[in-house]
1. Just to verify a number: FRET efficiency for residue 86 and residue 216, C-beta to C-beta distance, R0 = 41 Å, to 0.05?
2. Kirkwood hydrodynamic radius of the stretch 29-149 from all distinct Cα pairs, in Å?
3. Once Lys and Arg get +1 and Asp and Glu get -1 on their Cβ, which of 72, 96, 23 lies farthest toward the positive end of the dipole of the stretch 23-104?
4. Given a 1.4 Å probe, how much area per residue of the chain is accessible, in Å²?
5. Nearest 10 degrees, 0 to 90: what angle lies between the long axis of helix 139-153 and the longest principal axis of the chain (Cα atoms)?
6. Enter the per residue convex hull volume of the chain, computed from alpha-carbon coordinates, in Å³ rounded to the nearest integer.
7. Mind checking the angle between helix 212-249 and the chain's longest principal axis? C-alpha axes, 0 to 90 degrees, to the nearest 10.
8. Could you give the longest part of the chain that holds none of the GluC sites (Glu not before Pro) found in DSSP loops with at most 15 neighbouring Cβ atoms within 10 Å?
Amino acid sequence: MNRMGGMTTDLKLIDEKGLRLDGRRPDEMRPLKIEAGVLKRADGSAYVEWGLNKVMAAVYGPRECHPRHMQNPERALVQCHYNMASFSVDDRKRPGPDRRSHEISKIISEALTHVVFTEYFPRTSIDVYIEVLQANAGTRCAGLTAASVALADAGVPMRDLVASCAAGKVADTVVLDLGKEEDNFGQADIPVGFVPRTNEIVLLQMDGDLTPDEFDRGLHMAVNACKKVYEVQRDALKRRYAARAVDEDVPAPAEEKQEVA
Ligand code: ADP
């Protein structure tokens, strides 16, 4: 009987060769792709595909904070709004906020507040919208990873990016980046948000049971994975800036017309 989801299964989560349901080794992450600057209307944006997770993040601000009584005269408020689309999971998800989305919005807001120079923008709000289009476990990590790239894309001054990844325990084995079945039938899940430049952990949760030694191994595995996630985030931002530079070199429309004539 597992402790996390309370569900049992006949599925063999780890096979004789020590491989997982999708063929991954215990310390292997699902494939991750990030693209920055995908939305024209937002100040900054990022799209993340992480295994079967598909997540969009959009940033607006810093802008005047409403309602006014929420304003902090000394710093900006980083407000995250996490939402899972009704079509993002197998059973239609009831639209609108629920306890889980409030919790995830809160922990991601807190993680991002640690890296944004909020003191530069008193009385403002920096709004971060995270839309999960397809969910397959690990959406809070994908959301936080996307949100920090979107903040950087918006030009919001930050100490560093936050990179995120989870570790956990399935079939008595400590594993990295749990998939849906592992999340449902596994024994523990530890999502981690990590700031590589300052070596700080800004998000840490634990669902399920682990021994202190398993926890240490899981945390170590997740932090190492965050360092890899960080490289993918930085590559996405570098590609974005390179594309912007090319855009700026494009001849003005009038010149283009002359060339055609
Ligand atoms: P995370 O997505 O960060 O791992 P949870 O552990 O709460 O967060 O959720 C694990 C997975 O369970 C989600 O990624 C999603 O695939 C699924 N899930 C969460 N909420 C619902 C829901 N209301 N209906 C169906 N599936 C859900």
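1. Details: r = 39 Å, r/R0 = 0.95.
It comes out at approximately 0.60.
2. On the way: mean 1/r = 0.0678 Å⁻¹.
After inverting the pairwise mean of 1/r, the radius is 14.7 Å.
3. Final value for the positive-end residue is 96.
4. Numbers: 13830 Å² over 261 residues.
Per-residue accessible area for the chain comes out at 53 Å².
5. 20 degrees
6. Numbers: hull volume 44.3 nm³, N = 261.
For the chain, the hull spanned by Cα atoms encloses 170 Å³ per residue.
7. 20 degrees
8. Numbers: sites that count: 16, 28, 74.
Between the exposed loop sites, the longest stretch runs 75-261.
The values are calculated or read from the model by the stated rules, or taken from the named source; none is laboratory data. Computed from a prediction, not measured in an experiment: that's the story for all the values here. Positions of Cβ are backbone-derived with ideal geometry, glycine not excepted, and every protein chain shown enters the neighbour counts. Keep in mind that these areas ignore ligands, DNA and RNA; they rest on the heavy atoms of the full protein, side chains included. Shrake-Rupley method; radii C 1.70, N 1.55, O 1.52, S 1.80 Å.
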